[in-house]
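Bear in mind that the values in this text are calculations on the coordinates, not laboratory data. Note that the structure is predicted; figures quoted are calculated from it, not measured. All Cβ positions, glycine included, derive from the backbone under ideal geometry; neighbour counts span all protein chains shown.
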């Protein structure tokens, strides 16, 4: 489900290399989220669940081995982390990210079946010969969905750790 799969399918990168590179990219992403969270921490009972949700979504967005089913692990933390954020924007982003993940899964199924009637060769061989127009269309759609998932998952994670402050927090307190 990750963008690494497109690089593997088009034989731009080997699976083992993609996994190793993805681990390095995830580590960098986790460090960035940790620094952002640390700089913008607040006294809130849900601050740590928001941080945890952000870490999970960065991991799922950037890791080379990731499936929509894995988002079920993050869903409870992400739902709880949406409580009290005010606007429903974050909740809708969560729904959009989960929907994109499942759309990618469905599109990959269609892509595999269009490439080979058994649906088993694409994952093994990648695109090793000229493909039909339908396969090309599915491939482009798959890539667009992967890019949309990557961007929206990172935006979702960013919003958990650096979110707009409610107006009540911005006003100076009178003593």
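Projected onto its three principal axes, the C-alpha set of the chain covers 73, 29, 22 Å, listed from the longest axis down.
Computed on the Cα trace of region 1-59, the radius of gyration divided by the Kirkwood hydrodynamic radius gives Rg/Rh = 1.16.
Modelled spin-label separation between residue 19 and residue 140, with each label point placed 7 Å from Cα along the Cα-to-Cβ direction: 3.3 nm. Helix 71-81 and the longest principal axis of the Cα set of the chain meet at an angle near 20°.
Taking the number of other C-beta atoms within 10 Å as the exposure measure, put 59, 34 in order starting with the fewest.
Details: 59 21, 34 15.
The fewest-first ordering by Cβ neighbours comes to 34, 59.
For the chain, the longest principal axis of the C-alpha atoms and the axis of helix 89-115 are separated by about 10°.
Residue order for 89, 160, fewest other beta carbons within 10 angstrom first, comes to 89, 160. Rounded to the nearest 10 degrees, the inclination of helix 133-161 to the longest alpha-carbon principal axis of the chain is 20 degrees.
Remark: the residue 127-residue 43 segment gains 25.1 nm on full extension, using 0.36 nm per residue and subtracting the alpha carbon distance.
Its alpha carbons give region 1-103 an Rg and a Dmax of 15.0, 48 Å.
Counting every Cα pair in region 49-101, what percent are over 14 Å apart? Within region 49-101, distances greater than 14 Å cover 49 percent of Cα pairs.
Starting with the fewest neighbours, write out 25, 58 ranked by other beta-carbon atoms found within 10 Å of each beta-carbon.
Values: 25 17, 58 26.
Lowest to highest Cβ neighbour count: 25, 58.
Hey, what number do you get for the chain at 222 nm if only DSSP H runs of n ≥ 4 count, each worth -39500 (n - 2.57), divided across all residues, to the nearest 500?
Details: 8 runs with 123 residues, N = 175.
Computed mean residue ellipticity for the chain: -23000 deg cm²/dmol.
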